[in-house]
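A short worksheet on the structure shown next.
Just so you know, all these numbers are worked out from the coordinates, no wet-lab data involved. The structure displayed is predicted, hence computed values, not measured ones. Here the Cβ positions follow ideal geometry from the backbone for every residue, glycine too, while neighbour counts run over all protein chains shown.
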Amino acid sequence: MSEFETIRYERPAEKVARIVLDRAEARNAQSMRMLYELNDAFDRAAQDDSVSVIVLAANGPHFSAGHDLRETDAVEVVTGHRRVGTWCGFGCAGAESQMAVEKEMYLGLSERWRNLPKPTIAAVQGKVIAGGLMLVWPCDLIVAAEDALFQDNTVSMGVSGAEFFNHPFEVGVRKAKEMLFTSDFLTASEVHRLGMVNHVVALDELESFTLELASRIAEKPLFALKLAKEAVNVAQDNQGRANAMQTSFAYHQLCHSHNQQIHGLPIDPGFMQRTFGAKAGA
């Protein structure tokens, strides 16, 4: 029996680990359990000296519909797992608990995964919505199937953007604004032109192409790979990414507090009524 309920951990090739989102029936919406299981799997691969490259993939037609909005009591869910960050206040009143949970679950985990000491490659198909971007953007490389579509619809929810706010560094300033203002989907070919995606391939070639790319990279000296990755990440942070991330996260929390005061919910309830009803999303 697998130790994971929402993901699969595989070794498809020498020196390569593959982590697969496995909630296809929910369009791989991210439950708290899934995020903590992802973190455990990433840690396993990072700490395994026989692994040089990590692939993140997904079962089913869609990579991820984002956060699972059916989990309404995030504090209760989080307390059942081993926390990985140092932030506290999960059970506090007011905005503190909301911020504590999201600093752990979304910003904190995505930052951890971005800084894993090994190359990571996301293999993406179908829809990648809001929280789904927070899984692929921390990866070093992205391979997209031709049918892949990317969206951040959080402004439609009354929130200023996804917690891992990498938009300007992924698609450029003006396209980032359009992406947020309109909630429109971006196609695989469009984000490839913008530099967000490294390769676009046919859906039936996604797995084999990504595995071949991972295997080629895995043949390089791992220490050199680690330092090359860190050098690029540091350069991006020195361009302002880290400060922008903290500022945008604070704005995100302000939006939650505003919505809580106005609507009694952390997001605009009209979004749920218009778009999902009782379904998962975000």
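For Tyr251 and Cys92, FRET efficiency with R0 = 30 Å and r from the beta-carbon atoms, rounded to 0.05? Approximately 0.90, to the nearest 0.05. With each label modelled as a point 7 angstrom along the Cα→C-beta vector, the Lys177-Asn233 pair spans 3.1 nm. Annotation: Cα Rg of region 169-240 relative to the compact-globule expectation 2.2 N^0.38 Å equals 1.41. Put simply, the amide H of Asp147, placed in the peptide plane, has neighbours under 5 Å in Gly126, Leu203, leaving out anything fewer than 5 places away on its chain. Between the listed residues Thr187, Tyr36, Gly94, the Cα displaced farthest toward the positive end of the dipole of region 7-276, a dipole computed from Cβ unit charges relative to the Cα centre, is found at Gly94. Amide H to amide H distances under 5 Å link Ile7 with Asp22, where only residues 5 or more positions off or on other chains count and H is placed in the peptide plane.
For region 187-198, putting each phi into the Karplus relation 6.51 cos²θ - 1.76 cosθ + 1.60 with θ = phi - 60° gives couplings of 7, 4, 5, 5, 6, 5, 5, 7, x, 6, 10, 7 Hz, in residue order, rounded to whole numbers and with x for Gly and Pro. Across region 55-64, rounded Karplus estimates of 3J(HN,Hα) from the backbone phi angles (6.51 cos²θ - 1.76 cosθ + 1.60, θ = phi - 60°) give 9, 10, 10, 8, 7, x, x, 10, 5, 6 Hz, Gly and Pro being marked x. Lys-Lys pairs in the chain that are eight or more residues apart or on separate chains and whose Cα atoms lie under 13 Å of each other come to 6. Percent of Cα-Cα pairs per 5 Å bin, from 0 to the last occupied bin, for region 7-276, please list those. Here the calculated profile for region 7-276 is 1, 6, 12, 18, 20, 18, 13, 7, 3, 1, 0, 0.
Highest GNM mean-square fluctuation among Thr187, Thr247, Thr86, for the chain modelled with Cα contacts below 10 Å: Thr86.
Each Lys and Arg adds +1 at its Cβ and each Asp and Glu adds -1 at its Cβ; summed about the Cα centre, the chain shows a dipole of about 440 debye.
Nearest 500 deg cm²/dmol is fine: what mean residue ellipticity at 222 nm does the chain get from its DSSP H runs of n ≥ 4 alone, each adding -39,500 (n - 2.57), divided by its residue count?
Details: 11 runs with 114 residues, N = 282.
Taken over the chain, the calculation gives -12000 deg cm²/dmol.
Amide H to amide H, with H built 1.01 Å from N, His67 comes under 5 Å of Gln30, Gly131, Gly132, counting only residues 5 or more places away or on other chains.
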